[in-house]
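Worksheet for the structure shown next.
The values are calculated or read from the model by the stated rules, or taken from the named source; none is laboratory data. Please read these numbers as outputs of a predicted model, since none were measured by experiment. Cβ atoms come from the backbone with ideal geometry, glycine included; neighbour counts cover every protein chain shown. Ligands, DNA and RNA are excluded from the accessible area calculation, which covers all protein heavy atoms including side chains. Shrake-Rupley method; radii C 1.70, N 1.55, O 1.52, S 1.80 Å.
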Amino acid sequence: MDFAQLLHDHELKATGARVALLQALAREPHLSAEQLEQQLASQQTKLSGQAVYNALNELTEHGILRRFTIPSTSARYEIDPKDNHHHAVCNRCGRIENVPCAHGSAPCFHPGGATSFSIHIADVLFYGQCKNGCGPGSAPGGIH
């Protein structure tokens, strides 16, 4: 994926920090800001925590990233494919996996009863355990 072009298409400059964040999320989606900061530091891309948060907020506001929250954890980020998929979370190791829309196209679910909202996104979390058990080195309760 050409991240510089993606940024330009959203009227943002293709800075090194923005491109590095997008590359990291392309390799491993569902990371928190703290995990992204650590991953970038391990690759010799040094960004302060504040710079990471600023870039993540900007990229989210421009529709490039999708932010989602799993209760009791930090917000997670992924490159927004505009498909309104859901997420499955392992109760044991915390692994997160994308799950296709449960009912047709976005928003997949609609609230019952009358509402004054036009619903665009249904954010659904499924909880369970990895089918083949948790991977080696997985700590109970850890989120990947």
Which one of ALA51, GLN5, CYS93 has its Cα pushed farthest toward the positive end of the charge dipole of the chain, where Lys and Arg give +1 and Asp and Glu give -1 at the Cβ?
CYS93
Counting only protein heavy atoms with a 1.4 Å probe and every protein chain in place, the carbon and sulfur fraction of the accessible surface of segment 14-131 in whole percent equals 52 percent
Can you pull the accessible area of VAL19 for me, 1.4 Å probe, Å² to the nearest 10?
30 Å²
Antiparallel %, DSSP beta bridges [both residues in the chain], to 5:
70 percent
Mean accessible area per residue over the chain (1.4 angstrom probe, all protein chains present, square angstrom) is 59 Å²
Given only helices, namely DSSP H runs of n ≥ 4 each adding -39500 (n - 2.57), what is the per-residue ellipticity at 222 nm of the chain, to the nearest 500 deg cm²/dmol?
-8500 deg cm²/dmol
Which value, in Å² and to the nearest 10, is the accessible area of THR115 when all protein chains are kept and the probe is 1.4 Å?
70 Å²
Would you tell me the accessible area of HIS62, worked out with a 1.4 angstrom probe on the heavy atoms of the protein chains, in Å² to the nearest 10?
70 Å²
Of the residues ASN132, LEU65, SER42, the Cα lying farthest along the dipole of the chain towards its positive end, which is defined by charges on the beta carbon of Lys, Arg, Asp and Glu, belongs to ASN132
The chain - charge dipole about Cα centre, Lys and Arg +1 at Cβ, Asp and Glu -1, debye rounded to 20
380 debye
Rounded if a/c is under 1.5, else prolate if a/b beats b/c, else oblate: with a ≥ b ≥ c from the C-alpha gyration tensor eigenvalues square-rooted, which is segment 1-81?
oblate
Which helices of the chain meet both criteria: a Cα extent of 15 Å or more along the helical axis and a mean Kyte-Doolittle score no lower than -0.5, with helices taken as whole DSSP H segments?
16-27, 49-61
Report the residue, chosen from PHE126, PHE68, PHE117, that carries the largest GNM mean-square fluctuation when the chain is represented by alpha-carbon nodes joined by springs under 10 Å.
PHE117
